1. How far apart, in nm, are the 7 Å Cα→Cβ label points at B:Val46 and B:His76?
2. Semi-axes of the equivalent ellipsoid of region A:142-270: what are they in whole Å, largest first, if each equals the square root of 5 times a C-alpha gyration tensor eigenvalue?
3. Roughly what % antiparallel, to the nearest 5, for the DSSP beta bridges in region A:278-353?
4. For a quick protection proxy, order the peptides A:197-210, B:62-75 by their average other-Cβ count within 10 Å, most packed first.
5. Work out the FRET efficiency for A:His196 and A:Thr285 from their Cβ-Cβ distance, taking R0 = 35 Å, and round it to the nearest 0.05.
6. Leaving out same-chain residues fewer than 8 places away, which lysines sit with a Cα under 24 Å from that of B:Lys139?
7. Exactly which GluC sites (Glu not before Pro) in region A:209-250 are in a DSSP loop and have at most 15 other Cβ atoms within 10 Å?
8. How much FRET efficiency would the formula 1/(1 + (r/R0)^6) give for A:Thr259 and A:Arg173, where r is the Cβ-Cβ distance and R0 is 30 Å, rounded to 0.05?
Amino acid sequence: MTRAHDQLSRTADTIEQEAAEWLVKVEQDGAPETSRALAAWLAAHPRHRAAFLRISTAWRRADVLKRLADPNEEPDPDLLAPERPPTAESITEPVVQAALAALRPPRSSVSAPSQVRRFAMAAALLVAIVGAFAIFSDRFASAETYATAVGEFRRVTLPDGSVVALNTDTQLRVSFSSSRRKVELIRGEAKFEVVHDEKQPFVVAAGETAVYDVGTAFVVRLRDPKSVDVLVEEGRVVINPPSENFVSADEMALVRGNTIQRRAVDDIRRRTAWTEHMLIFSGETLSEAAAEFNRYNRRHIVITDAAMSRQTIGGAFNPNSPERFATAVEKMFGARAQVTAGTSGSSEIRLSRGTH
Amino acid sequence: MAKIEDRFLLHALEFESVLRACLYRYTRNTSDVDELLQETYARLLVAGSTAQPNVRSMRAFCLTVARNVALDWLRHRQIVPIELVADMEALDVLDEGAQIEEIVNAHQELSLLAGAVEQLPTRCRQVFTLRKVYGYSQKEIAERLQISENTVEQHLTKAARRCAQVLFESPRTAHQDNGMFARLRRRMKNYDESA
């Protein structure tokens with residue numbers, strides 16, 4: 001099977017295309033040669049047959065669309081055109097009419113003037129809210145501190161509705177005034193889902209770095225005062241304005257002293273899995289995974305064998321259970337896990353090459 | 001029309017999105033999921049053609065095959081999967097619970113398809129509409145729209161692929177993904193409690 005997969009890797013798309021072409025071909029051409037040729041193609045590999053079966057099943061099911069045909073009307077190739085206003089001519093039966101109404105996405109039937117009116121109302125409401133907030137914001141001006149212990153997670157909703165998720169061993173201080181919302185990341189890592197408000201910018205200060213939100217969800221990790229990681233999930237942030245260091249969605253910025261290194265990331269969900277109380281690895285080495293676990297636990301994992309620490313792993317884990325991780329490593333690598341008294345007072349899990 | 005050896009694959013099509021989510025846990029990218037899914041279907045056909053002992057749950061069986069395909073793939077890439085292998089049983093039980101929401105009735109299927117047709121390029125949409133709504137033959141379509149039969153074929157090929165996508169693959173992708181996290185979390189909790 002693995003061999004077959006090698007042979008056919010990166011071909012799912014090609015096979016599906018061929019299957020669709022065969023389907024369309026045999027549908028109109030019943031010649032024996034065609035059937036024989038198809039049979040040969042199908043017999044060539046189970047994946048051919050699988051793709052053909054899948055697409056022909058879908059094709060047959062699409063016959064349900066016949067219900068939309070009105071026998072009293074001339075066939076209309078544009079029956080299912082988008083944004084087509086239903087007319088008395090094209091739709092007669094109320095059943096069909098109802099079906100079509102349900103099928104179409106809501107048309108923007110709102111006339112321009114009423115859209116403007118709606119916008120004006122929203123704007124007025126916003127001004128009222130912002131005004132009220134400015135008046136009462138003194139209440140929120142006092143600083144509030146939030147923290148998590150090692151292995152703890154916490155979600156906090158701030159007075160403006162923004163949500164902060166605190167990762168393990170994190171401390172931050174929130175101080176809101178009428179002119180700005182400031183969060184000082186004193187230690188650790190946090191994810192911010194910010195309610196955007198131009199009049200009252202949202203700033204995360206981490207060590208020597210300040211991250212200004214431009215309407216967004218992002219993660220800031222303070223490694224030390226001179227090195228900060230910023231990961232943007234949605235929208236855009238700017239680092240240390242008035243610089244032009246914008247970081248957009250699916251990008252990461254590594255601030256190291258005076259330099260900022262930006263790079264694209266394609267696995268944001270995996271990197272922010274801690275907000276779901278999970279650690280997801282995908283090809284990391286054992287030592288990288290252990291280092292990650294050690295952020296979440298007092299009981300540290302120590303890998304004693306250099307060769308083993310370079311092995312790669314994949315999987316989803318509970319960050320609070322280094323024991324489960326160790327057990328899994330034992331099983332999969334034939335390693336041996338031993339709990340010993342560690343250097344820092346807590347016990348540690350030593351993973352070594354197994355003898356069994 | 002349906003043959004006995006096709007039974008696993010035909011069953012699996014009904015919860016392709018679950019299989020995709022399952023495979024995605026190993027691959028973390030969708031193009032590899034496409035590959036592994038096709039391989040899974042191929043293996044389900046092979047399994048269907050050989051005498052099988054009583055399969056207690058078709059769904060659990062299909063998921064097991066998908067996981068074996070993924071594990072082979074990971075092994076081949078020399079990424080050793082851990083944990084995910086450890087307690088698949090629990091996951092199967094949880095997956096069973098999701099079954100109800102996946103039953104798409106004919107009406108929903110009609111709206112899914114019609115929505116997909118709207119999104120097709122104009123010519124492709126017209127060709128497909130004449131074929132599937134009005135039952136024109138390919139030749140008749142070519143005449144009516146003044147295009148070659150070959151072009152008609154190409155449009156229908158494209159439309160057929162779109163149908164498969166909308167019927168099997170995409171309907172519930174969005175919340176499927178969130179469900180995946182919820183299931184994994186529950187699974188880990190169960191495991192920790194039993195450990």
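1. Placing both labels 7 Å along Cα→Cβ, they lie 1.1 nm apart.
2. Semi-axis lengths for region A:142-270 are 20, 17, 14 Å.
3. Expressed as a percentage, antiparallel bridges in region A:278-353 total about 75.
4. B:62-75, A:197-210
5. Computed FRET efficiency for A:His196 and A:Thr285 comes out at 0.35.
6. Output for B:Lys139: A:Lys25, A:Lys66, B:Lys158.
7. Of the GluC sites (Glu not before Pro), the ones in loops of region A:209-250 whose Cβ has at most 15 other Cβ atoms within 10 Å are A:Glu244.
8. 0.65
Read the figures in this text as sums done on the coordinates, not as results from a lab. Everything quoted here is computed from the prediction, not taken from an experiment. FYI the Cβ positions are ideal-geometry reconstructions off the backbone, even for glycines, and counts take in every protein chain you see.
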